[in-house]
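Working notes, beginning with the structure itself.
The values are calculated or read from the model by the stated rules, or taken from the named source; none is laboratory data. Every value quoted in this text rests on a predicted model; they were computed, and no experiment measured them. When we count neighbours, we look across all protein chains shown, and the Cβ atoms used for this are built from the backbone with ideal geometry, even at glycine. Only protein heavy atoms, including side chains, enter the accessible area calculation; ligands, DNA and RNA are left aside. Shrake-Rupley method; radii C 1.70, N 1.55, O 1.52, S 1.80 Å.
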Amino acid sequence: MPRVRLFLQSSAESVAANMTDTRPTRDKSATLQNSSYKRDIKYVFKLNNWILGSLGIWPVAIRGIGRHVSKISIAIWNLALSFAIVPCALHIVYDEKDIIIRLKLGGLMAFCFTAMTKYCIFVIRRPKIDRCIEYVKNDWWQVTFTSDRELMLKYATTGRTLTIIGASFMYTAGIIYHLILPFCSEHKFNNQTIRPLVYPTYSKFGQSHISPVYEIMYVAHCMCGYTIYSVTAGACGLAALFATHACGQIQILVTRLEDLLTGERFQPNSNVHHRIAVIVKNHVRILRFATVVEEVLQEVCLVEFSSSVCTICLLEYYCIVDWKADDRIGLTTYFLLFVSFCFNIYILCYIGEVLMEKSTKLGSICYMINWYQLSPKSVRNLILIIAMSSHPIKLSAGRMVDLSLTTFGNVLKTSVAYLSFLRTLVM
């Protein structure tokens, strides 16, 4: 499949190169190019800049010594993750004997390791993330027609909305888990009540409940929590940003195809041959952008996909246990985490489904326009667009599983099957 797509892209480039490059210019219905560029870019990138920028993933235009801020930030957040994960893992292995608490802490550790893995992937993929951001910036810079800008804003708003909802669930559940839940139950060790920590520590690491060691560790645990929730929310936000942008560009191509005969959205006095060249070049550009996006997200999606089944299963189990124990705070916290994890995997599967649907639509539009009014030579040029659309853009989990709504349903069904097995094993 990738070889076929690369062949079609190279064929499209050679066909388009033999045609005159004609860019749409402004007319009475057009807005001045770049007149709203800065405002639009700020609107599109704002949320992802807040989330991923704090983690050192988002590029910052700082010169001098400030250019090392992102590296320092990455080192600090990884240190906070290690500071919380290692003592808690030792506590689970050597100190904790209750199977229920072990399961709860084991789920927490799995979530932390998953977040750390995704964080490392993002750090490695920073150059490709920068490249995708430049693609988006260039597309917004080249907006000429008002209708095109409105379409792009429509899809950008969809991406922002998905990011806001996912981040709201994740941060709300995280705040309750780190700031409220630890203080709602009594913590004892060797018949002595101790001050609670979010991540229990190994007993041989000293008296962690004595000031100021306790305060330092609690702050480090909160930093760890912020990191894992930000990485999770940032991954879905980044996927939503790039995928909705690609959908917006595809929708613009659809409007171009529908206007192929009249030419109102093209340069005045351009012929059909030139209009098809513009469409093919823009289509190839979208395919290139989608290829880079898939390279950025495929490992993250694989980690998210593989971990979500176990994490959702454990959260379902925690909800059942706290329901039986009448622990309302715990039930509320785990239910919010359950909803947020389901919504995050749903975002990835939903945008994968939309991308496939939109990219396939280009071929259908070529059938639906009045192609019989074109010359035979122009009709033959449309065949290349149809051929490229027959291999739609897809988001995959490590190029093993295509992300779609069917995949989301399979994740939920598998988690329920694992839950049944877990209840039989433990209860």
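Table for the structure above
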item: Cross-link partners of LYS104 among lysines (Cα-Cα below 21 Å; sequence separation of 8 or more within a chain); result: LYS188, LYS324
item: Solvent-accessible ranking of TRP140, TRP50, TRP323, largest area first, probe 1.4 Å; result: TRP323, TRP50, TRP140
item: For the range 212-264: accessible area per residue (Å², 1.4 Å); result: 25 Å²
item: Amide H partners (placed H, <5 Å) of SER396, local residues excluded; result: LEU403
item: Whole-number accessible area per residue in Å² for the range 55-138, which is evaluated in the context of all protein chains at 1.4 Å; result: 51 Å²
item: Taking the C-alpha atoms of the range 366-419, convex hull volume expressed per residue in Å³; result: 86 Å³
item: Cross-link reach list, lysines versus LYS361, counting only Cα pairs under 21 Å and skipping chain neighbours closer than eight places; result: LYS154, LYS281, LYS394
item: Using a Förster distance of 22 Å, the FRET efficiency for TRP323-ALA417 (Cβ separation, nearest 0.05); result: 0.65
item: Cα-only Debye scattering, the range 285-342: base-10 log of I(q)/I(0) at q = 0.19, 0.23 Å⁻¹; result: -0.69, -0.83
item: Surface accessible to a 1.4 Å probe, GLU357 within the full protein complex, Å²; result: 120 Å²
item: VAL426 accessible area, 1.4 Å probe, all protein chains in place, Å² to nearest 10; result: 50 Å²
item: Debye, to nearest 20: dipole size of the range 285-332, +1 on Lys, Arg Cβ, -1 on Asp, Glu Cβ; result: 200 debye
item: For SER389, solvent-accessible area (1.4 Å; no DNA, RNA or ligand), Å²; result: 10 Å²
item: Charge dipole magnitude, Cβ of K and R +1, D and E -1 - the chain, Cα centre, debye nearest 20; result: 1060 debye
item: Kyte-Doolittle mean at least 1.6, axial Cα span of 15 Å or more - DSSP H helices of the chain; result: 69-90, 99-124
item: Tensor-based shape of the range 285-415 (alpha-carbon gyration tensor, a/c under 1.5 rounded, otherwise prolate or oblate); result: prolate
item: As computed over the range 63-154, the Cα convex hull volume per residue (Å³); result: 131 Å³
item: If the convex hull is drawn through the Cα atoms of the chain, its volume per residue in Å³; result: 157 Å³
item: Percent accessible area from carbon and sulfur atoms, the range 226-368, protein chains only, probe 1.4 Å; result: 59 percent
item: Reach of LYS71 by Cα under 19 Å, taken over lysines that are not fewer than 8 positions away in the same chain; result: LYS118, LYS128
item: The chain, helix-only ellipticity at 222 nm - DSSP H runs n ≥ 4, -39,500 (n - 2.57), divided by all residues, nearest 500; result: -26000 deg cm²/dmol
